[in-house]
1. Working out 0.36 nm times the residue gap between residue 85 and residue 107, then minus their Cα-Cα distance, what length gain in nm do you get to one decimal?
2. Out of residues 5 or more away from residue 32 or on other chains, whose amide H comes under 5 Å of its own, with H placed 1.01 Å from N in the peptide plane?
3. Please sort by residue number the chymotrypsin sites (Phe, Trp or Tyr not before Pro) in the stretch 25-112 whose DSSP state is loop and whose Cβ has at most 10 other Cβ atoms within 10 Å.
4. Have a look at 43, 80, 12 and tell me which one the Gaussian network model of the chain (Cα, springs below 10 Å) gives the largest fluctuation.
5. Which of 52, 89, 67 moves most in a GNM of the chain, Cα contacts under 10 Å?
6. Along its principal axes, what span do the Cα atoms of the chain show, with the longest given first and each in whole Å?
7. Pulled fully out, how much extra length does the chain show between residue 26 and residue 56, if you take 0.36 nm times their separation in residues and subtract their Cα-Cα distance?
8. With a 1.4 Å probe and all protein chains kept in place, how do 26, 50 rank by accessible area, largest first?
Amino acid sequence: VQLVESGGGLVQPGGSLRLSCKTSGIIFTIYDMEWYRQAPGKQRELVATISTGYSTNYPDSVKGRFTISRDNPKNTMYLQMNSLKPEDTAVYYCRASRTNYWGQGTQVTVSS
């Protein structure tokens, strides 16, 4: 099983990034999928979920700025992040819901 995140980087406040989570070794279509983030010194927090039926959910901290999506034929999930703020700086992880299948994380830094 592999979950591989990509797309992180350094961006100025107000900018955008699109993260990808490419999966292999799992039956992608049967899992709800999740994005988490962890900032230095803070607990890991859930930032977006997408169900097998494409329902999505976000905490208030990112609602209206982040959009989660999935492409089942490509076994890949995405996180479009717009209007980024310095407080969005964190390592972002993807996970197959209710499993121990995690990616290795990708760093997102929002700074001028």
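1. Values: separation 22, 0.36 × 22 = 7.92 nm, distance 1.42 nm.
Here the segment from residue 85 to residue 107 would lengthen by 6.5 nm.
2. Those lying under 5 Å, H to H, from residue 32 are 52, 97.
3. On the way: sites: 28, 31, 35, 36, 54, 66, 78, 92, 93, 101, 102; in loops: 31, 54, 101.
Counting only loop positions with at most 10 other Cβ atoms within 10 Å, the chymotrypsin sites (Phe, Trp or Tyr not before Pro) in the stretch 25-112 are 54.
4. Comparing 43, 80, 12 in the GNM, the peak value goes to 43.
5. Greatest mean-square fluctuation among the candidates belongs to 52.
6. Per principal axis, max minus min of the Cα coordinates gives 40, 24, 23 Å.
7. Numbers: separation 30, 0.36 × 30 = 10.80 nm, distance 2.08 nm.
This chain segment gains 8.7 nm when fully extended.
8. Numbers: 26 25, 50 5 Å².
The most accessible residue leads, giving 26, 50.
The values are calculated or read from the model by the stated rules, or taken from the named source; none is laboratory data. Given the structure is predicted, the values throughout are model-derived calculations rather than measurements. Neighbour counts run over all protein chains shown; Cβ positions are idealised from the backbone, glycine included. Ligands, DNA and RNA are excluded from the accessible area calculation, which covers all protein heavy atoms including side chains. Shrake-Rupley method; radii C 1.70, N 1.55, O 1.52, S 1.80 Å.
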